[in-house]
Each structure stands twice: as C-alpha cells, then as structure tokens.
2 protein chains.
Amino acid sequence: MSGSRRAFLKKSVPGIAALSVIPDILHAHYPESGSRSGNLIKQDGIILFQGDSITDSGREKEQQLPNNARSFGNGYSFLAASALLSRLPEKNLTIFNRGISGNKVYQLAERWKRDAIDLRPDLLSILIGVNDFWHTLQKVYDGTVSVYENDYRKLLQGTLQQLPDVRLVIGEPFALFGGSAVNSSWIPGFEAYRHTARNIATEFNAIFIPFQEIFNSALHHAPVSYWAPDGVHPSMAGAQLMASAWIRAVEG
Amino acid sequence: MSGSRRAFLKKSVPGIAALSVIPDILHAHYPESGSRSGNLIKQDGIILFQGDSITDSGREKEQQLPNNARSFGNGYSFLAASALLSRLPEKNLTIFNRGISGNKVYQLAERWKRDAIDLRPDLLSILIGVNDFWHTLQKVYDGTVSVYENDYRKLLQGTLQQLPDVRLVIGEPFALFGGSAVNSSWIPGFEAYRHTARNIATEFNAIFIPFQEIFNSALHHAPVSYWAPDGVHPSMAGAQLMASAWIRAVEG
C-alpha cells in the first residue's frame, strides 16, 4: 500500500451525529405513563412472542426451537430476543417465537393451548389485529372490531386463568398509509382496532407498545417505503424500530 | 379479571440490573487504541458484509437484495445492518450481505469482482479465516497460515486499487474451545490465523474487531453452548454480541 493511500485512510471520514435517531423517535411516544412495571425479565424466565406474519417473519416451523435463529425468522422478535439473550446471559432465558402468518385473534385462540399455555411463559408478548381488519377489506373474513375485542378479551381471560402469574405485553396493530397495501379504504376503519388493542392492554394491565405512533414519528425521518414498503410488514429498519421499542418496554 | 389479579399484576416484578452486560463485555477489550477513525457511515453510503457461513447466516442467494431481511439471513450482519438502518434513516444507506458458507480467503478472491468491487462499497467489512484453518483439520484443504496471509493481502491490495476510498473493517476469526467442533487439535494452530488477521488490519489501517477476545470475555457470563454451540457458529446471543461490537466500531 502506498504512503499516500495510507495517509488518506488514516483521515477521519467527516463525522456525523452519533447513531441516535432511535432514541429520539422512541422518546416522543414512549414510555407511556402507567404502562411500565419495572424490569420484567425474570431469572430462568420463559418469554413467548405471539402474533401474525410480522412476528412470524419467516421462522421455521418444524423444530420451533427456543433461542434459535432459524426458529425465530428475521423480524422484530428475532431482533428483540437476540438483544435480550446477548445482554442478559446470566438470566438463563428461554425465548420462543410462535407467530404464524395470516393469523387473526380467533386463530391464536385455536392454537393457544399448544402454542402459548403449554410453553408456560412468564412474559407473553402479543401483536395481533392487522389481519382482523385487512382480511375484511379482502372479503375473506367478516369479523368486526367487536369480534376482535371480544375474542381478544376471552383469549387473555383464559390465559390468566391458566397462567395467573404471566406478564403481558401487547403491541399496537399498525398500518402505514401510503404503503402499497394500505390505501384510503383503511381509513377510518382500522383505527378502531388500534384503540381496542390499547383498551385491552389497559384492562389487563399489560405493557402497551404504541407501534403506530412510533412508526408515525419515524415517518418524519424516512418514507413509508423505508420502514414498511407495503405499510404492514416492516423492513429491517422497521423491525429494528419495533424491537428497540419492545426492549425499552420490558427494561422497565 | 378479578380485583385481586389486577392488584397482583400491578406489582412490579423484582427488579434486576439494567440490560447492561454487552457494554461490560465490550468495554474490556474494545475499542482498541488506534483502530478507530471517526464515524464511518457516510451519507448515501454503501456497506458490504463479506465472509463465510458466520456472515452468510442462511441468507437467500437468488435476489440478494440490499436492506432486505431474507437476503440478510439471521446472523450478526442482519443484526448490525438492521441497527444501522433503523438508527440512521436519513443516511439513505444501502447495505449488502454477500457472505457464503464454507468460504476461505481464496474463495472470496474468486468471486470478488462480482460480490465486492462491482457493488462499490464505501465500507467493506470482512470476516474470514476460520475455514482456512478448520478445513485443514478436516483434510479437505492444504493451505497454510502463509497462504492465508498472502491471499488476504493480495485481496485487499487489489480492492484498494479498484476502490481507493473504501474503508475496511476486519473481524478477527474466532473459535471457542469446548464447542462441539473445537477441540485441542485447534491449539495452537488457529492462533496464528487470528494474529494474521490482526496484522493485516494494521497493515491496511482497517478497523479491527477482536471477536475472539470479546467472546472470551463473554464466556465469563455463560458457557460456550450459550454463545456458539459448536464453537464456530454463533447463537443468537453470540451474533448480537458480534453485531454490537461491529456497531460500536463503526460509530467511531
């Protein structure tokens, strides 16, 4: 290598602000008052991510191992779980992903014993609701927001009967207007599903993560195509934004 | 929900220390003096991850899209890239993963024009070397550490001829003794490959990431099976440990 190249390489690339946008985005909307209850990660804790395609994120479904990359796919649940496992090695955590693409809340209920109760989670994180609305637009489902609310309440009541000590994390369903799958037909119908999830979280004293508001703030920094091209499924950037919010939630 | 359950759920789970082990682990060995040169992430920057299976991490290889989860797999490169994309939305970054399982340094060279030079990276991160040694133990390769060193130097000299402004990040090859694939036959032979990577990094003024030392520190917190069960391929926890070190390196 020449001396001049070596000298060039030693120069600093012009500095920019530190990698700090995520905290800025999260700071505006998170944490919500009253929604946090101290650190939720217990020694030898079992953590379960449940939901639809956003949680599923291409995970393998034959072995469904805990703490395993292939069994986690590559979405927010992988990112959040990897952060926990790396930062808290002494905790001896067991973390599962059991999200399944396309699920609505009643479909969680159908597989809940096998895919939630039997895993005995200490911390149960659920993100469900976008399909409960979206599939009505697609005319493949005729549930209403009342069905969503009632099914969600019944699911959580049953969960607490069988797992009285479980702590709940509920993610706000979100849709980014202008994404390729999210047009004006989502307005205002989808909003009621978001509000319902928030109300359910309050009712069950769950940690609530306001994903819609977090994404709305992120849209000041980059367009929908950057965070979730179709408006529903997050990009790598969007998944990390969600994971960072999730970690911040459970850090307490 | 009953009042008593509601009261229970409002109690805090006993607090633990904040999620802070990663900084502790990294602090001991990182950053290395002289190895950092300010923030390396340029506006509209192109970033490329290169290497073997640790970098590949199950990525899809038909489309090989930038900034795409399936095209990144689920290893340290996905975790590091997701963090960058999320934290720096205004930077308009384009990030590629072109690691391929089983690669040794000469195999990088064979595909270097297509998989590195033609992508015009501003920042090129390379982790290569464990197979250059491992495959000799397996009797499927007869290269020596001198071959590794000379091939690596030639690869980087050619890279700088064609991309004179590129900044380099070189990861230390690592092997965790006691992993299912790493027994005493690795000692002391593998050490020379680690030292060679460090020397090459110094020679080319690359940012050097001392993965071996970082994992050695992590082993004070949890066993090999936790960070990399076979001693070579990181777990989710191990991949996040690597990604955190990588991010810290390029933050400058």
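The values are calculated or read from the model by the stated rules, or taken from the named source; none is laboratory data. All figures in this text were calculated on a predicted structure; none of them were measured in a lab. With ideal geometry, Cβ positions are generated from the backbone for all residues, glycine too; neighbour counts draw on all protein chains shown.
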Practice problem: Determine whether A:Ile187 is within 16 Å of A:Leu124 (Cα to Cα), modelled with pLDDT of 95 or more and β-branched (Val, Ile, Thr). | Solution: no
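Of the residues that sit in segment A:87-106 and are assigned to a loop (DSSP other than H, G, I, E, B) and hydrophobic (A, V, I, L, M, F, W, C), which one is farthest from the other protein chains (Cβ to nearest Cβ)?
Within segment A:87-106, the first condition is being assigned to a loop (DSSP other than H, G, I, E, B), and the residues that meet it are A:88, A:92-93, A:98-104.
Still in the list and also hydrophobic (A, V, I, L, M, F, W, C): A:88, A:93, A:100.
Working: A:Leu88: 6, A:Leu93: 9, A:Ile100: 17 Å.
Once the filter is applied, the top-ranked residue is A:Ile100.
Find the helices (runs of 4 or more DSSP H) located wholly in segment A:107-224 whose residues include 3 or more that are among the aliphatic types (A, V, I, L, M) and over 18 Å from the mean Cα position of the chain (by Cα), and list them. Walk me through it before giving the result.
On the way: elements: A:112-115, A:130-137, A:145-162, A:189-203, A:211-218.
In segment A:107-224, A:145-162 are the helices (runs of 4 or more DSSP H) which contain 3 or more residues that are among the aliphatic types (A, V, I, L, M) and over 18 Å from the mean Cα position of the chain (by Cα).
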Practice problem: Go through segment A:42-86 and give me each residue that's facing chain B (nearest Cβ under 8 Å), under 20 Å from A:Asp122 (Cβ atoms) and crowded, with 24+ Cβ neighbours inside 10 Å. | Solution: A:Phe72, A:Phe78, A:Ala81, A:Ser82, A:Ala83, A:Leu84, A:Leu85, A:Ser86
Quiz item: Looking at segment A:1-72, what helices (runs of 4 or more DSSP H) fall wholly within it and have at least 2 residues that are out of contact with any His (no Cβ under 7 Å at 6 or more places or on another chain) and at pLDDT below 50?
Solution: A:3-10
Practice problem: Quickly run through segment A:185-202 and pick out the residues that are surrounded by 16 or more Cβ atoms within 10 Å (Cβ to Cβ) and among the charged types (D, E, K, R). | Solution: A:Arg194, A:Arg198
Self-check item: Filter result (over 20 Å from B:Ser225 (Cβ atoms), of a type in the set (A, V, I, L, M, F, W, C) and touching a Phe, Trp or Tyr at 6+ places or on another chain (Cβ under 9 Å)) within segment A:70-105
Solution: A:Leu79, A:Ala80, A:Val105
Quiz prompt | Selected residue (criterion: farthest from the other protein chains (Cβ to nearest Cβ)) from residues of segment A:215-235 that are in contact (Cβ under 8 Å) with a residue 60 or more places away in the chain and crowded, with 24+ Cβ neighbours inside 10 Å | solution = A:Pro234
